[in-house]
Structure formats: structure tokens, C-alpha cells
Ligand code: SAH
């Protein structure tokens, strides 16, 4: 396990532990054709297999009847290694919330959560094994960063959920994944290249990707300012969520240590620039921690900073982590916080806490297993 970074140290490079084997989902459509050609097969076989894999959600080569059996085997052997091994699957909310703990080829553990709502299915996925951002209230942060995930390791989390849904293995009947949130383990913008590639695999139309709309994809970040700017230039209007958690640098330095490098004002400037460029409403995440960041004066200060912007505040009742003295805010303090924001015309919702009883909220299952 890596040493947690010094607060303020930006960990953009994860320590290298053997890369996972190359996988079809690491490559874009052109790269897949090239890889298949290298195997001595016609390039169009890559498109056929991609449609099976990403559109028909079929991971059973027997069913790829448009591809000759020998070619299927060659492609599976060379380009479709198993990347995620399920360790544990737990359901709650009458089977509408399902959390999976996965083991990667090097023993790293990651998790993903599928949440079914009346109007949508959201998958919460991991972008890194562990996390280097060291936020003291977050379970994942306590274990440090193990490594970045490959593009395919990210995409396969989505596909696993999509397959389960399509095969009627999730309560509520067969369905499709409509929303993706990068709110599992890791800091997605610290694994920028693989995360952008995975967004292409998720968003691109067939045979390139799964065709899930950019509007349904949310990238959540501690606020790595240069990477927020890069994201604005990608031309994929995903929703940006910024984990603010405090309106003032003094407190945010302690809750989100990277704040010493990218302070509140710079993070919000980058966020407004993102909203300008993409016309997408930015989401501000704020975990309400009793007696720490939930005071009325902080709500006032936050409201003044956000009023008039294309923004929506997502208040998250703190999900207490084992061994921490911090707990969620009292209901009346939460209500007052909401009221103060609304009075200044700032849109705000309190996030429902799906999956709490299965530690589905924040890196806790992997933490207890590790
Ligand atoms: N690294 C990204 C994604 C992290 S998880 C980020 O920081 O945005 C998604 C959200 O869950 C973040 O806003 C994170 O701060 C929040 N979170 C982490 N631990 C939490 C906890 N114990 N209770 C409530 N929210 C938590």
C-alpha cells in the first residue's frame, strides 16, 4: 500500500504495479480494429465483437453467431481477459441497490454500486484502487492510493451492471443503465486519461461505445483545477460535480487537503468556466458534518458564493466512517442549511443515502475487507 500523500501534494501519477492485461475496452474503435488485424483477422471483426460486447451486452462468445467460432476464440484469448472477479455482491432496498466488491488481477479491491430508481438506473463506479486525496471523513481516503484503474477496468464495472440489469438479475425487471457517476473509489481527475477514455466507451455510439448520454454521466472531483479546465475542452458535456464541503479555505484545508494547492476561489472559478463552456449546471457536493461545516454562517457564506451561478447543491448527510468521531448533522441544522441556500435562490437537494446499511455509500466495503 502506498504512503498517503502529504496534504497539498498532488498525486497525479499512481505508483506502478503491474498493468492489467490489454483488453478490447482499453482501445477505441480504430484501435480495436488494428488490434484484431494484428491477430490476422479482418478489422471488421472488431466492430462485430464490439457490438456484441457493448450493445448486446453479450460476454458469451457462443452467442456471437455473426463471427466464425475460431475468430471468436482468437479474440477472446488475446483481447478479452477477465479483469474483475466478484468477491462479494450485496443487495438492499428490496434488491434495487446492489453493491459489488471486485478483485483486480493484482489483488486490489474496488467497488461499484447499482441504484435503481423509478425513472433511472445509476451506477456509481471507481476510477482508482484507493485514493490519494486523503480527505479525513472518507473511508477510501484512509487507505491511500494503490493504483489507477485502466480504461477497461472502469468500463467493465459499467458493463457488469448493464448485463445484470439486462438479464433480469436486478429487482424491477430488465432495464438499462441510464446514469453513471464517478463517485466510487478514487479521484477521477487524478486518473485523467483512463477516465476520459472510459467516458468515450460509455458515451460513444455503437460500435465505439455503449451510447449512454453525456447528460447522464457525472464526474466528481476534489477540484483539480487544471484538469477541470482540460475536461471543459474535451467536448463531452458531462456533469461536473465539485466536492466542496466548506466555503472557506481554513476549514476546507482540513476536510479536502488538496485545497492548500487549489483553494476554494480557484476551484469555483474553474467550475463556473466549466458551466460557461458546456452550458451544464455544476453540482456542488457538501457532506454535512455535525458541528464541523454545518453552521448557519457557513451556509450564508456558501449561498453568497453560489447565488446567480448555474449551480445545484447536493447536500450529503455524512456517512460516518468506522473509528471517526464525526457524524451527520442534526435534522434541524440540515433544514436550516437548506433554507439559507434556498432563500438566496440557490437550488439545493439533500441526497438520499441509498445503500447505507450495506456500506454502499463511501468506500466502506472495500475498506472493511482490506
Ligand atoms: N474523489 C471524488 C469522488 C469521491 S466520492 C470526489 O472527491 O469528488 C463522491 C463524494 O462522496 C465526494 O463528494 C466525497 O467527498 C463524498 N464522500 C466521501 N466520503 C463520504 C462520507 N463518509 N460521507 C458523505 N460523503 C462522503
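In table form, for the structure just shown:
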item	result
Some residue of segment 331-343 being farther than 27 Å from residue 235 by Cα, without any contact (Cβ under 8 Å) to a residue 60 or more places away in the chain, crowded, with 16+ Cβ neighbours inside 10 Å and within 12 Å of the ligand (Cβ to nearest atom)	no
Conditions (1) more than 16 Å from the ligand (Cβ to nearest atom); (2) under 19 Å from residue 134 (Cβ atoms); number of the one not met by residue 236	(2)
Breaking point among (1) under 14 Å from the mean Cα position of the chain (by Cα); (2) within 15 Å of the ligand (Cβ to nearest atom), for residue 141	(1)
Test: residue in segment 78-85 that is within 13 Å of the ligand (Cβ to nearest atom) and either over 20 Å from residue 58 (Cα atoms) or in contact (Cβ under 8 Å) with a residue 24 or more places away in the chain (or both)	no
Considering residues of segment 44-77 that are over 25 Å from residue 212 (Cβ atoms) and free of Cβ contacts under 8 Å to residues at least 24 places away in the same chain only, the residue nearest to the chain's Cα centre (by Cα)	77
Cβ pairs under 9 Å, 6+ apart, first in segment 206-235 and in contact (Cβ under 8 Å) with a residue 12 or more places away in the chain and more than 20 Å from residue 126 (Cα to Cα), second within 16 Å of the ligand (Cβ to nearest atom) and in a loop (DSSP other than H, G, I, E, B)	225/261; 225/262
Residue match in segment 65-74 (condition: within 30 Å of residue 42 (Cβ to Cβ) and in the same structural domain as residue 178 (by TED's automatic domain parsing))	no
Enumeration of residues in segment 344-353 that are surrounded by 13 or more Cβ atoms within 10 Å (Cβ to Cβ) and not in a loop (DSSP other than H, G, I, E, B)	347, 348, 350
From the options 161, 175, 130, residue that is away from the ligand (no atom under 16 Å from the Cβ), assigned by TED's automatic domain parsing to the domain that holds residue 322, buried (at least 22 other Cβ atoms within 10 Å of the Cβ) and at pLDDT 95 or above	161
Tally of residues being at positive phi and buried (at least 17 other Cβ atoms within 10 Å of the Cβ) across segment 84-127	1
Residue that is surrounded by the fewest Cβ atoms within 10 Å (Cβ to Cβ) [pool: residues in segment 291-322 that are away from the ligand (no atom under 12 Å from the Cβ) and part of a loop (DSSP other than H, G, I, E, B)]	308
Residue within segment 100-107 that is more than 14 Å from the ligand (Cβ to nearest atom), more than 22 Å from residue 24 (Cβ to Cβ) and touching a helix residue (DSSP H, G or I) at 6+ places or on another chain (Cβ under 7 Å) present	yes
Some residue of segment 181-196 being more than 16 Å from the ligand (Cβ to nearest atom) and touching a strand residue (DSSP E or B) at 6+ places or on another chain (Cβ under 8 Å)	no
Within segment 296-315, tally of residues that are out of contact with any helix residue (DSSP H, G or I) (no Cβ under 8 Å at 6 or more places or on another chain) and in contact (Cβ under 8 Å) with a residue 24 or more places away in the chain	6
Qualifying positions in segment 133-150 - crowded, with 24+ Cβ neighbours inside 10 Å and assigned to a helix (DSSP H, G or I)	139, 140, 141
Selected residue (criterion: nearest to the ligand (Cβ to nearest atom)) from residues of segment 198-211 that are farther than 19 Å from residue 281 by Cβ and buried (at least 21 other Cβ atoms within 10 Å of the Cβ)	198
Complete set of residues in segment 64-83 that are under 28 Å from residue 113 (Cβ atoms) and surrounded by fewer than 17 Cβ atoms within 10 Å (Cβ to Cβ)	81, 82
Failed condition for residue 124, given (1) within 30 Å of residue 291 (Cα to Cα); (2) away from the ligand (no atom under 16 Å from the Cβ)	(2)
Filter result for residue 228 (within 17 Å of the chain's Cα centre (by Cα) and within 15 Å of the ligand (Cβ to nearest atom))	yes
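The values are calculated or read from the model by the stated rules, or taken from the named source; none is laboratory data. These figures come from a predicted structure and were not determined experimentally. Using ideal geometry, Cβ is built from the backbone for each residue, glycine included, and neighbour counts are taken over all protein chains shown.
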